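Nothing in this text is a laboratory measurement; each read-out follows from the coordinates by a stated rule. What you see is a predicted model, and the numbers here were worked out from it, not measured in a lab. Here the Cβ positions follow ideal geometry from the backbone for every residue, glycine too, while neighbour counts run over all protein chains shown.
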Amino acid sequence: MGQYFTNEKLPSNIRKTECFVLGRKFIFLTDNGVFSKDGLDFGSRLLLDAIPLEEVGGKILDMGCGYGVFGIVLAKVTKAHIDMVDVNLRALHLAKRNIVENNVDNIDVFESNVYENVPGKYSSIITNPPIRAGKKVVYEIVMKASEHLEKGGKLFLVIRKEQGAKSLIVDLEKVYNVEVIVKEKGFYVIKCELK
């Protein structure tokens, strides 16, 4: 069985899921080999519900976008321009289809292994980092975000306590001003602002 952060070819089984987020209905096509193939996961929903919308805008990066939940929801509710990136080609294909499905047009989608192909800087970076990819990848995503944030830019992420949230916060505090926005059912939604 392949992991969602690889491009291992699994048999395709595209399905349609629906969810209500921030007072709006969204439809997402999912498939085998992508994160949360059965629909919106608890951690991602918690982050979307907790994120202070007045603090995101301008240009947003959805890092490790999967099939596009963060980018599509934020494009719809903020009207910001969104870049969505992932290393998983199947996820990127689904993200492009989901942009059409949800009728948003202020999004660009492209392949990138972490920040390898990411140009420019962003006002916000949003991520539910791929814990199963390992600590090295997770740390590269959250620590190198600092190089891709504008002055005053913010990184928003969700991580479970049992997956190292407390030690990650200690390390994040070396680079960012860190605030835990929400703790619920072992999940932490964290806001990191450049020092």
(request) Would you mind counting up the charge near Gly66? Only other residues with Cβ under 12 Å from its Cβ, with Lys and Arg at +1 and Asp and Glu at -1. (result) -2
(request) Report the GluC sites (Glu not before Pro) located in segment 122-195 that are in a DSSP loop and have at most 14 other Cβ atoms inside 10 Å of their Cβ, or state none. (result) Glu173
(message) Just to be sure I understand, if you calculate Cα extents along the principal axes in Å for this structure, which of (i) 43, 36, 34; (ii) 51, 34, 27; (iii) 59, 36, 27 do you get?
(response) (i)
(message) Only sites in a loop by DSSP and with at most 16 other Cβ atoms within 10 Å count here; which GluC sites (Glu not before Pro) in segment 79-118 make the cut?
(response) Glu116
(request) Please report, in debye to the nearest 20, how large the charge dipole of the chain is about its Cα centre when each Lys and Arg carries +1 at its beta carbon and each Asp and Glu carries -1 there. (result) 300
(request) Over 22 Å between C-alpha atoms is what I'm after, so list which of Lys16/Lys154; Lys144/Lys174; Lys59/Lys96; Lys25/Lys144; Lys136/Lys183; Lys79/Lys121 land there. (result) Lys16/Lys154; Lys25/Lys144; Lys136/Lys183
(message) Could you order the peptides 47-58, 27-38 from most to least packed, using the average number of other C-beta atoms within 10 Å per residue?
(response) 27-38, 47-58
